[in-house]
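Okay, so here's the structure we're looking at.
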């Protein structure tokens, strides 16, 4: 950006927050790596014949009505000519890491919230006098040089920057200058604001509150009924007045893995086999990160799409899935009984030994019940033999791949997954 262009920018005083959102990220990386796919509809997601969902799709596919989280079967109906891929997540992590390095080169104040999204604090100071918009434009150019694009929202707060980043895509730059927050936010639907879900939207609309301007002027008692203790905070967000900081936090809060099944699990043997397979992946991730956790959790989504979770504390922190898998077997009694159908299973480990304070799991804490399962014996009771087996398995998988060695129970649900994936940030640190 030239000096003359910089001079023409209106002055910026006070906080300046950027939200950098990578455009159709997974699909963009696929088009980058497959030049023949550029300009064509590309869908990254699970099998349309196995209840998969769309992880993301290119803008060419979006023109047909395809959207993230849509059922793959519906996406195929809307865009039958699309190019499909289950994705190459090691490649997405690689490109994401390169982009996050660019952001941290611009400022140390970066908060990555997912593989394709990060907040940045670029507030002007006596030392940093560069205009926030100039920084945003340079970031877009540097990211584009890698072969993908990003859209950026610029505002005085994280909530304003987040909403602004969604206003113009792809490669959009939406700037909300200090003092214009209320004019920008007021006409927008309440659902635009993070934290306003479908249930809250329904109650607000029933009271005539349809826009963020309406919400900013709403009765405090009503907002408290709708949002609980966060009522005042949501009003501040609607006014563009919240000042939640950009938190630089490289600590992993939890390590988890979850699987959606093409056919519902209906018997205990299949459920235990799935738990063991998922737990093995979590244990391997823990060992790679050098972490041991004291809390384990199970998340279940049933065939009616309702979700429930349980967690329990272990006697000592561990990264040993062969030790905590039998505990998961016992915990499942709090979530399942014969006749129930399970669509998704997840396992998480948190409360790491190195943490001074308790950290929340990736699973929604409001769904947790404390499990009352009794202590269960490890799959192999001899600690030395068990540890030696784990080390040998890890070494083989490091060298030849995760599927090199598999237990018999892992074969029970082989092929019974949708191939869909999430974008949890902890998997990319």
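Every number here is computed from the coordinates shown, using simple stated rules; none is lab data. Since we're looking at a predicted model, the values are computed, not measured. Cβ: placed from backbone, ideal geometry, glycine included. Neighbour counts: every protein chain shown.
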Item to check | Under 19 Å from the residue 244 label point (7 Å along Cα→beta-carbon), backbone N, segment 188-224 | outcome: 189-201, 212-213, 215-216, 223-224
Item to check | Residues 59, 92, sorted so that the one with the fewest Cβ neighbours within 10 Å comes first | outcome: 59, 92
Checklist outcome for this item: Where a ≥ b ≥ c are root eigenvalues of the Cα gyration tensor, a/c under 1.5 meaning rounded, otherwise prolate if a/b exceeds b/c and oblate otherwise, segment 1-73 counts as prolate
Next on the checklist: Just to be sure I understand the model, the point goes 7 Å from the Cα along the line to the Cβ. What's the resulting residue 198 to residue 387 distance in nm?
Outcome noted: 4.9
Checklist entry - Going by a ≥ b ≥ c, the root eigenvalues of the Cα gyration tensor, does segment 139-268 fall in the rounded group (a/c under 1.5), the prolate group (a/b larger than b/c) or the oblate group? => result oblate
Item to check | Length added when fully stretched, residue 229-residue 93, from 0.36 nm per residue minus Cα-Cα | outcome: 45.3 nm
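Arranged by the count of other C-beta atoms within 10 angstrom, fewest first, what order do 78, 389 take? Display every interim value, and only then the final one.
Working: 78 17, 389 14.
In order of increasing Cβ crowding within 10 Å: 389, 78.
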Checklist entry - Expressed as a rounded percentage, what relative contact order does segment 182-239 have, with Cα pairs under 8 Å and six or more residues apart? => result 39
Checklist entry - Gain in length, residue 81 to residue 63, computed as 0.36 nm per residue apart minus the alpha-carbon separation, to one decimal in nm? => result 5.2 nm
Next on the checklist: Between segment 79-97 and segment 105-174, what is the separation of their alpha carbon centroids in Å?
Outcome noted: 23
Next on the checklist: Please state the shape class of segment 202-302: rounded when a/c is under 1.5, otherwise prolate if a/b exceeds b/c and oblate if not, all from the C-alpha gyration tensor.
Outcome noted: oblate
Next on the checklist: Once R0 is set to 35 Å, what does the formula 1/(1 + (r/R0)^6) return for the Cβ-Cβ distance between residue 183 and residue 101, expressed as a FRET efficiency to the nearest 0.05?
Outcome noted: 0.45
Item to check | Distance in nm between pseudo-label sites at residue 167 and residue 134 (7 Å out along the Cβ direction from Cα) | outcome: 2.3
Checklist entry - So how much slack lies between residue 127 and residue 266, counting 0.36 nm per residue of separation and subtracting their Cα-Cα distance, in nm? => result 43.8 nm
